[in-house]
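To start, the structure itself, in structure tokens.
The values are calculated or read from the model by the stated rules, or taken from the named source; none is laboratory data. Everything numeric in this text was worked out from a predicted model, so none of it was measured. Virtual Cβ from ideal backbone geometry, glycine too; neighbours counted across all protein chains shown.
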Amino acid sequence: MRLRRLVRFLPVVTAAALTACPRAAPTPPLAAEPEMRIGLAVGRDSVSIGGDGELLLTDDERGAPIGSIPAGERWWVVPDTGGLRVVRPGGSRSPRLGRVVAVNLSEGRFLAVGGRRYRGRASLYRDVVGVTVVNHLPLESYLAGVVGHEIGPRRDEEREAVYAQAIVSRTYAVRNRGRWGTLGFDAHADVRDQVYTGVGGETPLVWAAVRHTAGRVVRYHGEPIDAFYHSTCGYRTASAEEAFRTVGRRPYLRSVSDAAGGGRYYCDQSPRFRWREEWDEPTLRAILSRTLAPYTDLPAAGLPRLQDLTVARTTESGRVGELRVDIAGGAIRVPGIAVREVMRVGDRPLWSAAFQLHVSRANGAVTRVAAAGAGSGHGVGMCQWGAIGRARAGQDHVRILATYYPGTTVDRIY
């Protein structure tokens, strides 16, 4: 069997981590707080809408009112040829509509999309598959629904880490604002950007962090940075070029030690600081047959028996730079940027690319493989658990950010 070298990038997407998707050009300083357009849903076959206050629906194309949804009641928006229809309780349908706008008329109340509450207003329109829903709201209000989910519930002594997260999340939003413009919004509400949970994600500490840092971002040579962050570095962060093919070198995204002294690390309280995963040979072979199939020549039955599995190269930060999979007929070389996706565990990628392999073999073939690893996520930029550990140790958010993004400054841009 002839095998070819595996060179294509396998995208790696994680819940607390930012992706290396294409982004908009750097954003100049802003005169005032911008509005964000957040894609709550794309291509849905139906969307429920309502609120805990009276909600007014209008046809944005005609400016005509569609109806008023009483507090606590749900209506449905469904796609139709060339537009949308609003379905009221009891099944009555509106005429075909263009873009539908929903505005809450009650002070201190919120609109609800799919049962989740949001600040601001919503617009709904027909996309090529179904219904797209966009939440329009000020940037600082958006951050209030982002920061708590991204950094997790925190105690008061960890406040500086929450401040750091607020600045990093704002920097990401400003830097990437408009990059999904062809879809009609600035950011997805999920891991393709930052996870945004609306009002349900807000806490007093999160709002304190958003207000305390209002308008401030991390900049390098006057421009907002590519604000990558991740859950746990394990011992040191990774440079951008170690983890992403499309980002390239960034002076402020270089490998940084997370050592706290005395053999400890600032992120060592993370539940993923150290981990271990194991596969028997049939299980791992089945996984690799699925994850490698689109990128290399494999027989219809999948990979033959594994002969060996080795880390062929490590990166500057000690992560796997290349994984070699030996099978009958040749070797498949997996680049480090794809390792987490290829070495999957169930329905998720491997926790990180910082691991050592322990391979059991018998009669010239693999019988069992164990990966002993450190950290969680791509490893680039701010280590969130490291930031929490540094806050506990008395470091303020400016020092935390200067550590993880060397050479940068924290500046107010509006």
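Taken over the range 215-234, residues that are within 13 Å of residue 173 (Cβ to Cβ) and either surrounded by fewer than 24 Cβ atoms within 10 Å (Cβ to Cβ) or of a type in the set (A, V, I, L, M, F, W, C) (or both) amount to 6. Within the option set 412, 392, 399, being more than 15 Å from residue 231 (Cα to Cα), surrounded by fewer than 24 Cβ atoms within 10 Å (Cβ to Cβ) and either among the aliphatic types (A, V, I, L, M) or without any contact (Cβ under 8 Å) to a residue 12 or more places away in the chain (or both) holds for one residue only, 399.
Please specify each residue of the range 361-412 satisfying the condition of being in contact with a helix residue (DSSP H, G or I) (Cβ under 9 Å, 6 or more places away or on another chain), among the polar types (S, T, N, Q) and under 30 Å from residue 330 (Cβ atoms). Across the range 361-412, the qualifying residue is only 367.
One residue is enough: does the range 181-198 have a residue meeting the conditions touching a His at 6+ places or on another chain (Cβ under 8 Å) and outside any loop (DSSP other than H, G, I, E, B)? Looking through the range 181-198, none of the residues is touching a His at 6+ places or on another chain (Cβ under 8 Å) and outside any loop (DSSP other than H, G, I, E, B). Taking the range 311-331, which residues are closer than 20 Å to residue 277 by Cβ, in contact with an Asp or Glu (Cβ under 9 Å, 6 or more places away or on another chain) and among the aliphatic types (A, V, I, L, M)? Within the range 311-331, 311, 312, 325 meet the criteria.
Please determine, by comparing only the residues of the range 188-214 that are of a type in the set (Gly, Ala, Ser) and surrounded by 24 or more Cβ atoms within 10 Å (Cβ to Cβ), which one is farthest from residue 116 (Cα to Cα). Checking each candidate, the answer is 209.
Yes/no per residue for (1) in a helix (DSSP H, G or I); (2) assigned by TED's automatic domain parsing to the domain that holds residue 167; (3) surrounded by fewer than 17 Cβ atoms within 10 Å (Cβ to Cβ):
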{"residue": "246", "(1), (2), (3)": "no, no, yes"}
{"residue": "250", "(1), (2), (3)": "no, no, no"}
{"residue": "254", "(1), (2), (3)": "no, no, no"}
{"residue": "269", "(1), (2), (3)": "no, no, yes"}
{"residue": "294", "(1), (2), (3)": "yes, no, yes"}
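Yes or no, residue by residue, for (1) part of a strand (DSSP E or B); (2) closer than 30 Å to residue 388 by Cα; (3) at pLDDT below 95:
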| site | (1), (2), (3) |
| --- | --- |
| 72 | no, no, yes |
| 77 | yes, no, no |
| 106 | no, no, yes |
| 112 | yes, no, no |
| 137 | yes, yes, no |
| 150 | no, yes, no |
| 153 | no, yes, no |
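Of all residues in the range 133-150, those satisfying the criterion of being surrounded by fewer than 24 Cβ atoms within 10 Å (Cβ to Cβ) and more than 18 Å from the chain's Cα centre (by Cα) are 136, 137, 138, 140, 141. Got at least one residue in the range 135-156 being farther than 26 Å from residue 376 by Cβ, of a type in the set (A, V, I, L, M, F, W, C) and in contact with a Lys or Arg (Cβ under 8 Å, 6 or more places away or on another chain)? For the range 135-156, residues farther than 26 Å from residue 376 by Cβ, of a type in the set (A, V, I, L, M, F, W, C) and in contact with a Lys or Arg (Cβ under 8 Å, 6 or more places away or on another chain): present.
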